[in-house]
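Chemist: Below you'll find the structure I mean.
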Amino acid sequence: MKITTIFFDVGNTLIKPASSEADVLMSAAQRLGISIDKQLLQQNVRRIMSKYEELFLPEDSLWASQERAVGLYMSIFEKICEASGVGEHGRRLAEMCYKQLMDSSAWKPFDDVIETLDGIKALGIRMGIISNWDKSLEGVITGMGLGDYFDEIVSSAVVGLYKPQVAIFELAMQKMGALPKNTLHIGDNLVADIGGARKAGITPVLIDRVDKHELDESLIKVGRLTEVLNYLD
């Protein structure tokens with residue numbers, strides 16, 4: 001199998017938050033002069049984020065809309081603020097947190113990312129991004145200094161499509177002039193990334209940094225992105 005194109009998911013694949021959600025909220029609260037019990041806030045962040053899919057993602061189509069994607073982030077932070085006793089300031093805090101998270105300074109690449117991207121680039125393989133993200137995605141990637149690695153950055157909210165829809169993978173391949181049989185897609189989500197890529201005829205690669213998934217041998221699974229280089233010519 002000759003691979004000529006590789007697509008990446010973004011969150012939990014290439015990048016992670018530079019600060020915890022609790023720290024982001026505490027910082028915003030301090031700027032507004034609001035007092036929050038840090039231990040209570042941390043507990044509520046863990047509790048609400050652990051129910052993320054149940055509470056906020058009954059289905060993934062919201063990622064195809066900028067308005068609904070923003071609404072998702074706002075709902076998460078408003079629920080955390082409400083549970084932490086912030087009261088009337090919850091909406092303002094949520095807006096401040098959302099604005100911060102849409103800036104590249106709120107994120108950092110995993111420690112294996114640059115080595116992996118450099119290795120793929122050295123092989124002459126083209127790279128792109130397919131992500132369920134709002135319209136800030138390209139600015140986040142570029143602001144982190146990663147933009148030059150990617151020929152195309154496909155954000156769900158920009159194109160009006162979302163993973164695991166086959167159409168978003170097909171659009172990305174069309175933009176790159178790629179064929180499914182010569183393409184990999186690397187991501188951390190079994191449904192959006194692995195299932196979506198498979199339906200599009202693309203070979204999926206699961207990045208499972210904490211080894212939480214038991215899979216059959218038909219699926220490529222890596223614990224670090226650098227392991228992907230072992231599968232390339």
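All of the numbers you see were taken from the coordinates with simple rules; none came from a lab. Treat the numbers as computed from the prediction; the structure is a model and nothing was measured. Glycine gets a Cβ as well: all are built from the backbone with ideal geometry, and neighbour counts include every protein chain shown.
Chemist: Rounding to the nearest 20 debye, state how big the charge dipole of the stretch 1-145 is about its Cα centre with +1 on each Lys and Arg Cβ and -1 on each Asp and Glu Cβ.
Modeler: So the dipole magnitude of the stretch 1-145 works out to roughly 140 debye.
Chemist: What does the charge count around LYS38 come to, taking other residues whose C-beta lies under 14 Å from its C-beta (Lys +1, Arg +1, Asp -1, Glu -1)?
Modeler: Once all neighbours under 14 Å are counted, the net charge is -2.
Chemist: Which is farthest toward the positive dipole end of the stretch 19-103 among SER84, VAL70, ILE48, measuring Cα position about the Cα centre, with Cβ charges +1 (Lys, Arg) and -1 (Asp, Glu)?
Modeler: Ranked along the dipole, the leading option is SER84.
Chemist: Working from the pairwise distances between different alpha carbons, so that the mean of 1/r is found and then inverted, what is the chain's Kirkwood radius in Å?
Modeler: 18.6 Å
Chemist: If exposed GluC sites (Glu not before Pro) are those in a DSSP loop with at most 11 other Cβ within 10 Å, what is the longest stretch of the chain that has none?
Modeler: 60-213
Chemist: Still on this structure: Between GLU115 and GLN30, what is the label-to-label distance in nm when each label sits 7 Å out along the Cα-to-Cβ direction?
Modeler: Those two pseudo-labels are separated by 3.4 nm.
Chemist: Please report, in whole Å, how far the alpha carbons of the stretch 83-221 spread along each principal axis, starting with the longest.
Modeler: Ordered largest first, the stretch 83-221 gives principal extents of 53, 34, 31 Å.
Chemist: For the stretch 19-103, count the residues as N, evaluate 2.2 N^0.38 Å, and divide the Cα radius of gyration by that value, please.
Modeler: 1.05
Chemist: On to the next question. Which of the pairs LYS175/LYS221; LYS2/LYS181; LYS51/LYS108; LYS135/LYS181 have their Cα atoms more than 20 Å apart in this structure?
Modeler: In this structure, LYS175/LYS221; LYS51/LYS108; LYS135/LYS181 lie more than 20 Å apart at Cα.
Chemist: Mean residue ellipticity at 222 nm from the helices of the chain, using -39,500 (n - 2.57) per DSSP H segment of n ≥ 4 over the full residue count, to the nearest 500 deg cm²/dmol?
Modeler: Rounded to the nearest 500, it is -12000 deg cm²/dmol.
Chemist: Still on this structure, please answer the following. What dipole magnitude, in Debye to the nearest 20, does the stretch 19-103 give about its Cα centre under +1 on Lys/Arg Cβ and -1 on Asp/Glu Cβ?
Modeler: In debye, rounded to 20, the stretch 19-103 gives about 260.
Chemist: Relative contact order of the chain: what whole-number percent is it, with Cα pairs under 8 angstrom and at least 6 residues apart?
Modeler: Relative contact order comes out at 26 percent.
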